[in-house]
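Only one structure is covered here, and it is reproduced in the block below.
The values are calculated or read from the model by the stated rules, or taken from the named source; none is laboratory data. Note that the structure is a prediction, hence the values are computed from the model and not measured. Glycine also receives a Cβ, built like all others from the backbone with ideal geometry; neighbour counts cover every protein chain displayed.
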Amino acid sequence: MKNWLSKIFLIFIIIFTSVSFASAWDDTGHKLVAYIAWQQMSPHTREQAVKLLLSAPEDSDLSVFYLQDSRSDAAKQLELFMIASTWADIVRDKKFKTRYAKYHHGTWHYLDTFWRENNGKVEIVTDLKSDEENALERIHTFDKMLRDSSVSDEDKAIALAWILHLVGDIHQPLHDSGRVTDVEPKGDQGGNLFLLSPKDATGENRLNLHWYWDSIIGRNIPRFFDACDSDYIPPIAQEIMKKYPYSTMQSRLEFGQFDKWQQEGFQIASTKLYPLTLIRNEAPSEAYKKQSFQIAQEQIALAGYRLGQMLNQIFDNQLTEENTNKTYQGTKSAKATAEIGDIVVHSGWFDIYTKVNLEAERAHLDNFAYYLKNEPKLIGYIAYFTGNGDEAELIKRRAIKAKNYLMKEYNLPNSQIVLINAGNYTKTTFILQPMLSSQPPPKFFM
């Protein structure tokens, strides 16, 4: 009982001081991204994400956000996941000196592409350089860490917390932009130097463009009666997902192409966020406010979908590899798999009798397509097991449907996706597996 009360007290201190410190940042957008990502994640991915976060080093304070109270495990896990998405901002608080010194990294939150307007056109400024350690570089680094079996769970927990935050960061367009003007010859620090308040404004009355965008959700949908996250976040997220459903966004996900994600944000910032109607030291027009809120919602949806499927790709693929290795034991394919193991980059399983979520099924196909799209030398094999009797035709049709989806949605050539009848097997499944085109087809359980 004493330990439980101490934990509650510590969480109160952390959250209270973080909220007090939050005059320079907003957590609502990050929690919305995390909530939307959570909806895309498979049960296994959720389980692994929570397991990692609870393995975080004690001095990070990450695990204290999981309370041992009377709520359901599902509610507590989602809460932990959402708060973890804001942890990279929480550790900015200098009141916790040890934690600040170890975990805070200011340059990791953004990657400014420097630019100026020249005769109404965007011109890249090449003589200003970005920080070597930046949001994009860190996302690549932490993505690799989460996929590396040699990395400890403690280190992966910190990597995951940063991934949850940085994917959200680079979808806030001003985290991708440094606008150069005569007033800001070294860039406007993502709009931080572009004031929307009178020159003589001080304290809370002093508003800059970056903070306007960071806090844009709360400006349009305020928290009434100090609503808690479990009451405030889900309705907003559901409305965003309804307005921008996965089905209409999936062709834009660009799995693993983090550079493109950052450049998308830059394009928005440089072409839409500084219109002639936006005047320094004046409040934005109603038209600007409306457009900004729409852009922000779309970016939050896109970030959430990308983050959720990115984590599925990481954690579900690890599970597939584990299960595949177990299944191959004692079979003829064990030797064949060992020989081609170095070039197998992804595999996915489907069971025709399992009621899988359609979005999750598409996610596996999207992950598969990502590898084929980015490496023309890969051949994507869809090996389907004919099962017994009447099942055979149904399984084959499912495999053909998967191939047609990949060709239509990703413009993959017919020659890059090959169907293989892998014969009878005890399970009614088919496997997706890309291989180097110079290699022979995989010998699935044959």
* Asked: Residues of region 281-300 being surrounded by 14 or more Cβ atoms within 10 Å (Cβ to Cβ) and out of contact with any His (no Cβ under 8 Å at 6 or more places or on another chain), which ones?
  -> 283, 284, 288, 289, 291, 292, 293, 295, 296, 297, 298
* List every residue pair whose Cβ atoms sit under 9 Å apart, with the two residues 6 or more apart in sequence or on different chains, where the first one lies in region 200-212 and is closer than 13 Å to residue 280 by Cα and the second, anywhere, is hydroxyl-bearing (Ser, Thr, Tyr) and in a loop (DSSP other than H, G, I, E, B). => 206/197; 207/197; 208/197; 209/274
* Could you pull out the residue among 18, 85 that is under 24 Å from residue 104 (Cα atoms) and at pLDDT below 90? => 18
* Counted residues, region 44-77 - those being closer than 18 Å to residue 315 by Cα and either at pLDDT below 95 or not charged (D, E, K, R) (or both) -> 13
* Asked: Can residue 274 be described as outside any helix (DSSP H, G or I), aromatic (Phe, Trp, Tyr), out of contact with any strand residue (DSSP E or B) (no Cβ under 6 Å at 6 or more places or on another chain) and modelled with pLDDT of 95 or more?
  -> yes
* Asked: For region 195-233, how many residues are within 22 Å of residue 170 (Cα to Cα) and not hydrophobic (A, V, I, L, M, F, W, C)?
  -> 8
* Please indicate, with yes or no, whether at least one residue in region 391-399 is modelled with pLDDT of 75 or more, hydrophobic (A, V, I, L, M, F, W, C) and in contact with a Pro (Cβ under 8 Å, 6 or more places away or on another chain). => no
* Report the residue count in region 206-234 for those that are within 25 Å of residue 269 (Cβ to Cβ) and either of a type in the set (S, T, N, Q) or in a helix (DSSP H, G or I) (or both). => 13
* Asked: Restricting region 168-222 to residues that are out of contact with any Asp or Glu (no Cβ under 8 Å at 6 or more places or on another chain), over 30 Å from residue 81 (Cα atoms) and hydroxyl-bearing (Ser, Thr, Tyr), which is surrounded by the most Cβ atoms within 10 Å (Cβ to Cβ)?
  -> 197
* For residue 317, which of the numbered conditions (1) more than 17 Å from residue 220 (Cβ to Cβ); (2) modelled with pLDDT of 95 or more fails to hold? -> (2)
* Return yes when residue 263 is within 18 Å of the chain's Cα centre (by Cα), more than 26 Å from residue 49 (Cβ to Cβ), assigned to a helix (DSSP H, G or I) and of a type outside the set (Phe, Trp, Tyr) and no when it is not. => yes
* Does region 95-114 contain at least one residue that is within 27 Å of residue 233 (Cα to Cα) and over 21 Å from the mean Cα position of the chain (by Cα)? -> no
